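Novice: Dropping a structure here in structure tokens format, bear with me for questions.
Computed from the coordinates by the stated procedures, all read-outs in this text should not be read as laboratory data. What you see is a predicted model; the values in this text were computed from it and never measured. Using ideal geometry, Cβ is built from the backbone for each residue, glycine included, and neighbour counts are taken over all protein chains shown.
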Number of protein chains: 4
Amino acid sequence: MCGEAEFEAGIKLAAVFHQFVGAPVNESNAELLEKAMESCMKLQPYVVEAEVRIDREKLRNAVSSFGYTSLSPEMLYARVCVELEGKKAVAILKWDEDAGYPLMRLV
Amino acid sequence: MCGEAEFEAGIKLAAVFHQFVGAPVNESNAELLEKAMESCMKLQPYVVEAEVRIDREKLRNAVSSFGYTSLSPEMLYARVCVELEGKKAVAILKWDEDAGYPLMRLV
Amino acid sequence: MCGEAEFEAGIKLAAVFHQFVGAPVNESNAELLEKAMESCMKLQPYVVEAEVRIDREKLRNAVSSFGYTSLSPEMLYARVCVELEGKKAVAILKWDEDAGYPLMRLV
Amino acid sequence: MCGEAEFEAGIKLAAVFHQFVGAPVNESNAELLEKAMESCMKLQPYVVEAEVRIDREKLRNAVSSFGYTSLSPEMLYARVCVELEGKKAVAILKWDEDAGYPLMRLV
């Protein structure tokens, strides 16, 4: 059926966004959080690749006087590849500076 | 592009699931939570219809001796219709008893 | 026991923060989200009052070109009063501009 | 001030609960998620120790036919020690089978 792989890709990007935005983060645990987020994506059906990155420069700039911040849409990047009945879909979550929006799109 | 409406539909179902699972709920605020979840879905791009329901029987059975419970995957139903460049996609989130899984699927 | 009311107050503020940050919001559903968040707080043990406000000016400034944004720590205010074994604790969650931090404190 | 350490302890337990409940998990990433959750707790103010455990037996029993489940209140244990102005508070989040409730309490 047309669109099933794309449907699954959309699920994965929104899942990682809405599950993890708000989590306490600074440079000391950013890589661990990235790995945890990737592991969560990889468990979900039809995922063949998943990558999550937290923008370190934005992270450093957002750190409060308490030494950390909350994971925010601005600093979160994710890429997922799903494969379903021989069809692949690749999608990306990336902050769009012009729109001021965490844009999710098929590539 | 094939699959864009389906991609958007997937985003909306996963967003409502991962944002709201865990929220304190009982029969007194279930309808309010449903309306809030629907309002969040309707704000997102391309959504033309959104419906969220919390299974009242499962909710009653899950309520703890403290008088409420956490919104769980078992009790959450959502349906979304998105329209994008003249193409529609309708998708449903519904607990699948056999699989023991909050299944999201295109309809 | 000293500190039990304060312990419960802390639970409530962190619950509302970590449950709802990331939710899609604009002026059209801000009041509904506030009511839903308050309802969740009021269900929890020992809560006698709960108030949640989303800063409308910050909300308007954060709205993307897609017409909404994600609920962020900067725009979230909450106040809770708990009463336990005759002792009260009142606590507030409010963005601290100087610290760049969603400060939770007893009042 | 009486209760400040307890207030901070409550914040940490509710934060980990409401941030991570719903995350995709099975035995392959349970330890990674535990470490990520502990890292988030340890970043927060005044935390001197944090431990998070996911009950492996409950986890195995909850895994769906898709090979994973969502992190649920039933399987989550956390313990935090905070120290503030020379005063310590230790608190635990643990599922209470009798109450059917994720009980947070000072110890």
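Novice: Let me check against my output: what whole-number percent is the relative contact order of chain A, with C-alpha pairs under 8 Å and at least 6 apart?
Specialist: 30 percent
Novice: For chain B, take the longest principal axis of its alpha carbons; what is the angle in degrees between that and the long axis of helix B:30-43, to the nearest 10 within 0 to 90?
Specialist: 20 degrees
Novice: Add -39500 (n - 2.57) for each DSSP H run of 4 or more in chain A, then divide by its residues: what number comes out at 222 nm, to the nearest 500 deg cm²/dmol?
Specialist: -11000 deg cm²/dmol
Novice: Right, another one. Distances longer than 26 Å among the Cα atoms of the protein assembly as shown: what percent of all pairs is that?
Specialist: The calculated P(r) of the protein assembly as shown puts 51 percent of pairs beyond 26 Å.
Novice: Also, quick follow-up: Could you work out the mean count of beta carbons from other protein chains within 10 Å of each residue's beta carbon in D:58-70?
Specialist: Partner Cβ neighbours, averaged per residue: 4.
Novice: Residue B:103 to residue B:56: FRET efficiency via 1/(1 + (r/R0)^6), r the Cβ-Cβ distance, R0 22 Å, to the nearest 0.05?
Specialist: So the FRET efficiency works out to roughly 0.60.
Novice: Put a label point 7 Å from Cα along the Cβ direction on residue A:61, then list its distances to the equivalent points in the other copies in nm, shortest first.
Specialist: Copy-to-copy label distances at residue A:61, shortest first: 1.6, 4.9, 5.1 nm.
Novice: Please express the Cα-Cα pair-distance distribution P(r) of segment D:4-106 as a list of whole percents, one per 5 Å bin, running from 0 to the bin with the greatest distance.
Specialist: 2, 14, 25, 22, 17, 11, 6, 2, 1, 0
Novice: Just to confirm the numbers: residue C:97, label point 7 angstrom along the Cα-Cβ line, distances to the other copies in nm, shortest first?
Specialist: Ordered by distance, the counterparts are at 2.6, 5.4, 5.6 nm.
Novice: With each pseudo-label sitting 7 Å past Cα toward Cβ, what's the residue A:49-residue B:83 distance in nm, one decimal?
Specialist: 3.7 nm
Novice: Cut-off is 10 Å between beta-carbons; in what order do A:98, C:55 appear when sorted fewest neighbours first?
Specialist: A:98, C:55
Novice: Measure nothing but the geometry: give the 0 to 90° angle between the long axis through the Cα atoms of B:4-20 and the longest principal axis through the Cα atoms of chain B, rounded to 10°.
Specialist: Helix B:4-20 sits roughly 20 degrees off the main axis of chain B.
Novice: Output wanted: per-residue J couplings in Hz (rounded whole) for segment B:50-60, from phi through Karplus 6.51 cos²θ - 1.76 cosθ + 1.60, θ = phi - 60°, x for Gly and Pro.
Specialist: 8, 9, 10, 9, 9, 5, 5, 5, 5, 4, 4
Novice: Taking chain A as a Gaussian network, Cα atoms linked when under 10 Å apart, which of A:34, A:97, A:49 shows the biggest mean-square fluctuation?
Specialist: A:97
Novice: Here is a further query. To confirm my reading of the symmetry, which residue of chain A has the Cβ nearest the axis that brings A onto D, and what whole-Å distance does it have?
Specialist: A:36, 2
Novice: Moving to a separate point now. Out of B:47, B:63, B:90, any idea which swings most in a Gaussian network model of chain B, alpha carbons joined below 10 Å?
Specialist: So, out of B:47, B:63, B:90, the one fluctuating most is B:63.
Novice: Here's a follow-up. Can you list, shortest first in nanometers, how far residue C:28 lies from the same residue in the other copies, with each label 7 Å from Cα toward Cβ?
Specialist: Once sorted, the set of distances for residue C:28 reads 3.1, 4.1, 4.4 nm.
Novice: GNM on chain B, C-alpha springs below 10 Å: top fluctuator among B:22, B:86, B:67?
Specialist: B:86
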